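Student: For reference, the structure I am asking about is given below.
The values are calculated or read from the model by the stated rules, or taken from the named source; none is laboratory data. Note that this is a predicted model, so its numbers are computed, not measured. Glycine also receives a Cβ, built like all others from the backbone with ideal geometry; neighbour counts cover every protein chain displayed. Note: accessible area is taken over every heavy atom of the protein model, side chains too, but ligands, DNA and RNA are not part of it. Shrake-Rupley method; radii C 1.70, N 1.55, O 1.52, S 1.80 Å.
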Amino acid sequence: MNNKCNLIRDILPLYVEDMVSTDTREFVSEHLEHCEACRAEFEHMRKPADIIPDADIVPLKRIKKELFIKRLQTVFLTAILACAIVTVLFGILTSPKFFPYSDDLFNVNSGADGSITIAFDNKVTGYSCMKEFNDETEIYQINAWTTTWDIYSSNRGKQNMVIPSARETNIQIFYAQNDGSEDVLIYGTNDNAYQDTVTLPRQIFLPYFMLAFLVLVILAVLRFLLKNKQATIVWIDRAILFPISYMAAHLCTKGINFMSYSSQRDFCVIILVAMLFYFAMLTAKSLYKAKIGTSQKKDRN
Ligand SMILES: [Zn+2]
C-alpha cells in the first residue's frame with residue numbers, strides 16, 4: 001500500500017457518500033480501476049447500502065433533508081428581515097424629538113413638603129432628568145420630548161415629574177433644549193455655577209462608525225492576503241459581516257447623522273438592528289451557497 005492508497009482510503013468514506021468534488025471523484029474512480037486493494041475496501045464500504053432494497057432512497061432522503069433545511073433557512077431569513085425592518089421603523093418612530101424651551105411647556109410648583117413638581121404639557125410624552133452635585137447645590141438637568149409614534153398614537157398621558165427635597169437643600173433645575181441653545185434655568189437661583197451652559201450632543205457614533213470601517217478594511221486586506229488558507233477565510237468571512245452589519249444598521253436607523261442627544265437609546269437600537277442584519281446575512285449567504293451547490297450538481301449530472 002503506497003501513499004496514494006492511504007490518501008484514497010481517507011477520501012473513500014466521502015466518495016461513497018458522493019460528497020466529493022468532480023475532480024476528486026475522477027481521481028478516486030481512476031485509482032479504483034487500477035488498485036485492487038482499494039477497490040476491495042470500496043466494495044466493503046458500499047455493502048451496507050446494498051442491503052437496502054431500494055438504493056435510491058438514500059440520496060432521495062438526503063435531497064429531502066437538504067430541501068427542508070433550505071426551506072427552514074428561507075423562512076428564518078424572511079422572519080429575521082421582517083424583524084429588522086420593524087426594529088428600524090420602531091427606532092425611527094420612537095426616536096425622541098426634543099422640545100425647545102417655551103412658557104407653556106411645563107409648570108413648576110413647589111409643594112408644602114419642599115418637593116418640586118414639574119407638570120409637563122400634554123404634548124410632552126417623555127422626559128429625562130440628570131442629577132449632579134455642585135458643592136451644596138443639587139443641580140437637575142431635564143429635557144422633554146415627544147416621538148412620531150406618540151403623536152399618532154392615542155395614549156398620551158400627562159407627565160409629571162416630582163423632585164423630592166428637604167427644604168434646606170439648594171436646588172437648581174435647568175431645562176436642556178438639546179438644539180444647540182443654552183440651557184434655561186427653570187427653578188432656583190443661578191449662582192454662576194451653570195451659566196451659559198449648552199447641552200451638547202454625544203458624538204460617539206462617528207468614532208464607532210470609523211472603527212467599524214477600519215475593521216472592515218483590515219479584514220478585507222487579510223482576506224486578500226490569506227486567500228489560499230481556506231480555514232482562515234471561513235472565519236474572516238464570518239467576522240467581516242460584523243462591521244458591515246453595524247455600518248448598515250447605523251445608516252438605516254440614523255442615516256448619515258453621527259450626533260445624538262439620546263446616545264444610549266440610539267446605540268441599543270443600532271446594536272439590535274445590527275444583530276438582526278448579521279444573522280440575515282449569514283443565512284442569506286448559506287442559502288446562496290446551497291443554490292450554487294445545487295446548480296453545480298445539476299451541471300455535473
Ligand atoms: Zn490503492
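Student: Obtain the nm distance between the two label points defined at T148 and L211 by a simple spin-label model: each point lies 7 Å from its Cα along the Cα-to-C-beta direction.
Tutor: Modelled inter-label distance: 2.8 nm.
Student: How much length would be gained if the chain were fully extended between D135 and V198, taking 0.36 nm per residue of separation minus their Cα-Cα distance, in nm to one decimal?
Tutor: Values: separation 63, 0.36 × 63 = 22.68 nm, distance 2.07 nm.
Value of the extension gain: 20.6 nm.
Student: Set the Förster radius R0 to 22 Å, insert the Cβ-Cβ distance between L14 and I292 as r into 1/(1 + (r/R0)^6), and round the FRET efficiency to 0.05.
Tutor: 0.70
Student: I've got another one for you. Quick one: 3J(HN,Hα) in Hz for the range 171-185, Karplus 6.51/-1.76/1.60 with θ = phi - 60°, rounded, Gly and Pro as x.
Tutor: Values per residue, Gly and Pro as x: 10, 10, 10, 10, 9, 8, 7, 6, 9, x, 8, 5, 5, 10, 6 Hz.
Student: If you take the charge dipole of the chain about its Cα centre, with +1 on Lys and Arg Cβ and -1 on Asp and Glu Cβ, which of Y140, Y101, I11 is farthest toward its positive end?
Tutor: Of Y140, Y101, I11, it is I11.
Student: So, with +1 on the Cβ of K and R and -1 on the Cβ of D and E, and no other charges, what is the size of the charge dipole of the range 3-46 about its Cα centre, to the nearest 20 debye?
Tutor: Using only the charged Cβ atoms, the result is roughly 120 debye.
Student: With +1 on each Lys and Arg Cβ and -1 on each Asp and Glu Cβ, how big is the dipole of the chain about its Cα centre, in debye rounded to the nearest 20?
Tutor: In debye, rounded to 20, the chain gives about 1740.
Student: If you don't mind, another one. May I ask you to order 24-36, 115-127 by the average number of other C-beta atoms within 10 Å around their residues, highest value first?
Tutor: Details: 24-36: 13.6, 115-127: 17.1.
Averaged packing, sorted descending, gives the order 115-127, 24-36.
Student: What is the packing order of peptides 217-228, 261-272, 202-213, 241-252, taking the mean over residues of other C-beta atoms within 10 Å and listing the highest first?
Tutor: Top to bottom by mean Cβ count within 10 Å: 241-252, 261-272, 202-213, 217-228.
Student: Now for a different question. On the accessible surface of the chain, probed at 1.4 Å, how many percent belong to carbon and sulfur atoms?
Tutor: It is 61 percent, rounded to a whole number.
Student: Another question, then. At a 10 angstrom cut-off on C-beta neighbours, averaged per residue, how do the peptides 176-183, 12-19 rank from highest to lowest?
Tutor: Output ranking for 176-183, 12-19: 176-183, 12-19.
Student: Starting from the Cα of K123, step 7 Å along the direction of its Cβ; do the same at D179; then give the gap between the two resulting points in nm.
Tutor: Inter-label distance under the simple model: 1.0 nm.
Student: So how strong a dipole does the range 192-285 carry about its Cα centre when Lys and Arg Cβ are +1 and Asp and Glu Cβ are -1, to the nearest 20 debye?
Tutor: 420
Student: Related question: Please give the Cα centre distance for the range 87-150 versus the range 229-279, rounded to the nearest Å.
Tutor: Measuring centre to centre over Cα atoms gives 31 Å.
Student: Would you work out which of F42, L219, L77 lies farthest towards the positive end of the dipole of the chain? Charges go on Cβ: Lys and Arg +1, Asp and Glu -1.
Tutor: Result: F42, furthest along the dipole toward the positive end.
Student: Subtract the Cα-Cα distance of V234 and N190 from 0.36 nm times their separation in residues, and report this length gain in nm to one decimal. Don't skip to the end; give the middle numbers.
Tutor: Numbers: separation 44, 0.36 × 44 = 15.84 nm, distance 6.14 nm.
Gain in length upon complete extension: 9.7 nm.
Student: What residues have an amide H closer than 5 Å to that of F174, excluding those fewer than 5 places away on the same chain, when H is modeled at 1.01 Å from N in the peptide plane?
Tutor: Placed amide hydrogens put Y140, Q141, I142, I186 under 5 Å from F174.
Student: Extending each Cα 7 Å along its Cβ direction at S21 and I85, get the distance between those two points in nm, one decimal.
Tutor: With each label point 7 Å from Cα toward Cβ, the separation is 3.8 nm.
Student: What accessible area per residue, rounded to a whole number of Å², is obtained for the chain using a probe radius of 1.4 Å? Let's see the in-between values first.
Tutor: Working: 19320 Å² over 301 residues.
Averaged over the residues of the chain, the accessible area is 64 Å².
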